[in-house]
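**Q** Quick one: the structure is below, and I'll ask about it shortly.
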Amino acid sequence: MEIRVVENLLKANEAVAAQTLERLAKHGVRAINMIGSAGSGKTALLEATLPRLRESLGVAVIEGDLQTTRDAERIDRIGVPVVQVTTGKSCHLPPQLVLRALDGLDLDAIDLLFIENVGNLICPSEIPVGEHHKVAVLSTPEGDDKVLKYPMLFHLADAVVINKIDLLPHVTCDVGRIRSDLEQVGSRAQIFEVSARTGEGLDGYIGWLLGLVG
Ligand code: MG
Ligand code: ZN
């Protein structure tokens, strides 16, 4: 019986995500679900890319976090519209809360909406929030074994951002292995090697993001 319950939950999530997609479509908004471990640099990546993206696009962020509003404050500081979703004990963003968060945004002013999921590689990959694209964020201090450990995320991701490449001389991480593991899990993702801190490699990622908005 337990299997039935889980199945129904997943279906309910998909139905809510579909409502979000419908609402976004009405306003011409494309949404990106950013998924990565805590500390991989999802917020730093937003801080490094949003000021450049907003030169030509309307951008906004929904920030998912267990407890604190610190990441939302960082986005607010750069002057980009942000809605905080505090998930409490939930280790992923529930699609119901994302749908509700849309009420806090002027959707007509947004072309590209970033949804920063809770730092976790497992359930955020399985539970859609109403996104058009998934971006997986990895960082070099995490090592090079994440792709095979969490194949679902990397199979589904449209882009993989390998962050903190400025730290490569100091950490044990073989980017070549990440790339070959991505091939092994059947990834069709665009791969970007970047440093949100130094700005290295961001041009390619920003170009890809701009290309998502027709
Ligand atoms: Mg963050
Ligand atoms: Zn979860």
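**Q** When the residues of the stretch 12-34 are filtered to those that are in contact with a Leu (Cβ under 6 Å, 6 or more places away or on another chain) and of a type in the set (A, V, I, L, M, F, W, C), which remaining residue is farthest from ligand 2 (Cβ to nearest atom)?
**A** Among them, the one singled out is VAL29.
**Q** Taking into account only those residues within the stretch 165-210 that are among the small types (Gly, Ala, Ser) and under 27 Å from GLU126 (Cβ atoms), which is surrounded by the fewest Cβ atoms within 10 Å (Cβ to Cβ)?
**A** GLY186
**Q** Give me a count of the residues in the stretch 48-72 that are without any contact (Cβ under 8 Å) to a residue 24 or more places away in the chain and closer than 23 Å to LEU99 by Cβ.
**A** Going through the stretch 48-72 one residue at a time, the tally reaches 4.
**Q** Let me ask you something else. Kindly establish whether ILE162 is crowded, with 24+ Cβ neighbours inside 10 Å, away from ligand 1 (no atom under 16 Å from the Cβ) and at pLDDT 95 or above.
**A** Criteria met by ILE162.
**Q** For the stretch 137-153, enumerate the residues that are under 29 Å from ALA15 (Cβ atoms) and touching a strand residue (DSSP E or B) at 6+ places or on another chain (Cβ under 6 Å).
**A** Result: VAL137, LEU153.
**Q** Residue pairs, Cβ under 8 Å, 6 or more apart or interchain, first in the stretch 196-208 and farther than 12 Å from GLU47 by Cα, second part of a loop (DSSP other than H, G, I, E, B) and hydrophobic (A, V, I, L, M, F, W, C). List them.
**A** GLU200/VAL194; GLY201/VAL194; GLY204/VAL194; TYR205/VAL194
**Q** Restricting to the stretch 166-214, count the residues that are closer than 29 Å to VAL29 by Cα, small (Gly, Ala, Ser) and out of contact with any Lys or Arg (no Cβ under 8 Å at 6 or more places or on another chain).
**A** 9
**Q** Can you pull out every residue in the stretch 103-145 that is touching a Phe, Trp or Tyr at 6+ places or on another chain (Cβ under 8 Å) and either at positive phi or not aliphatic (A, V, I, L, M) (or both)?
**A** SER125 - this is the single residue of the stretch 103-145 that is touching a Phe, Trp or Tyr at 6+ places or on another chain (Cβ under 8 Å) and either at positive phi or not aliphatic (A, V, I, L, M) (or both).
The rows are residues; the columns are (1) touching a residue at least 40 places away in the same chain (Cβ under 8 Å); (2) within 21 Å of ASN13 (Cα to Cα); (3) more than 16 Å from ligand 2 (Cβ to nearest atom).
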position	(1), (2), (3)
PRO81	no, no, yes
LYS89	no, yes, no
ILE115	yes, yes, no
VAL118	yes, yes, no
GLY130	yes, yes, yes
VAL135	yes, yes, yes
HIS170	no, no, yes
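**Q** For the stretch 114-155, name all the residues that are assigned to a loop (DSSP other than H, G, I, E, B) and surrounded by 17 or more Cβ atoms within 10 Å (Cβ to Cβ).
**A** Listed by number, the residues that qualify are ASN117, VAL118, GLY119, ASN120, LEU121, ILE127, PRO128, VAL129, GLY130, GLU131, ASP144, TYR150.
**Q** In the list GLY28, GLY79, GLY41, which residue meets the criterion of being within 16 Å of ligand 1 (Cβ to nearest atom) and either exposed (fewer than 13 other Cβ atoms within 10 Å of the Cβ) or at pLDDT 95 or above (or both)?
**A** Going through GLY28, GLY79, GLY41 in turn, the sole match is GLY41.
**Q** Additional query: Which one of the conditions (1) within 16 Å of ligand 2 (Cβ to nearest atom); (2) among the aliphatic types (A, V, I, L, M); (3) under 19 Å from GLY204 (Cα atoms) does LEU66 fail to meet, given that it meets all the rest?
**A** Here LEU66 meets the rest and fails (3).
**Q** Here's something else I'd like to know. Among what's in the stretch 88-113 and is of a type in the set (D, E, K, R) and farther than 19 Å from GLY214 by Cβ, pick the residue that is surrounded by the most Cβ atoms within 10 Å (Cβ to Cβ).
**A** Ranking the qualifying residues of the stretch 88-113, first place goes to ARG100.
The values are calculated or read from the model by the stated rules, or taken from the named source; none is laboratory data. Computed from a predicted structure; not experimentally measured. Neighbour counts run over all protein chains shown; Cβ positions are idealised from the backbone, glycine included.
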